[in-house]
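Please read the structure below before turning to the comments.
Quick note: the coordinates plus some simple rules give every number you see, no bench work behind them. In this text the structure is predicted, and so the values were computed from the model without any measurement. Here the Cβ is made from the backbone with ideal geometry for all residues, glycine too, and neighbour counts use every protein chain on show.
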Amino acid sequence: MTIALGSDNGGYQLKEFIKEFLAQKGIAVKDCGTYSLERVDYPVYAKAVCGAVTGGECEMGILCCGTGIGMSMAANKIPGIRAAVCADWFSAKMTREHNDANVLCLGARVTGDEAALTLVDVFINTPFSDEERHAKRVAQIMELD
Ligand code: RB5
């Protein structure tokens with residue numbers, strides 16, 4: 001599995017922390033930037049990460065900004081992306097099981113570094129439910145693209 005990672009300046013340090021965490025777990029990462037604390041625009045990085053996911057290069061994406069909200073808004077504009085901004089473990093798990101989310105958005109100013117790692121861990125390790133009702137609803141979401 002390869003995970004696409006991206007952030008703006010507000011999420012840069014959290015992205016780096018997650019990158020190290022995934023590296024320690026032996027999970028391949030495509031770092032789509034940003035690469036410093038210089039002020040940048042989050043939609044640029046949402047587009048890069050989501051392109052890596054929809055293009056098939058990466059199975060999932062993780063986007064970090066100050067709140068996670070701007071990243072999720074930008075990501076969900078991209079056909080094929082189901083991005084969820086999560087600040088708690090249960091939501092990170094359920095958005096995989098029920099929504100088949102393929103991008104996790106995190107708020108560096110909302111969620112502490114260590115807590116964010118637990119969200120990343122549960123997100124990447126929770127499979128989509130096989131239940132027909134969830135598959136039907138995910139298909140309905142995708143028809144909105
Ligand atoms: C940048 O200041 C901030 O707006 C951004 O990181 C994010 O929180 C947007 O949703």
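Structure data summary
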{"quantity": "Elements of type helices (runs of 4 or more DSSP H) in the range 55-145, at least 3 residues being surrounded by 15 or more Cβ atoms within 10 Å (Cβ to Cβ)", "calculated": "69-75, 89-97, 113-125"}
{"quantity": "Some residue of the range 7-14 being away from the ligand (no atom under 16 Å from the Cβ) and assigned to a strand (DSSP E or B)", "calculated": "no"}
{"quantity": "Candidate set from the range 16-61 (those that are in contact (Cβ under 8 Å) with a residue 60 or more places away in the chain and within 16 Å of the ligand (Cβ to nearest atom)); member that is nearest to V85 (Cα to Cα)", "calculated": "I18"}
{"quantity": "Pair list, Cβ under 6 Å, 6 or more apart: the range 93-110 residue closer than 18 Å to E16 by Cβ, other residue more than 16 Å from the ligand (Cβ to nearest atom)", "calculated": "L104/F123"}
{"quantity": "Flag if A92 is among the hydrophobic types (A, V, I, L, M, F, W, C) and closer than 21 Å to M1 by Cα", "calculated": "yes"}
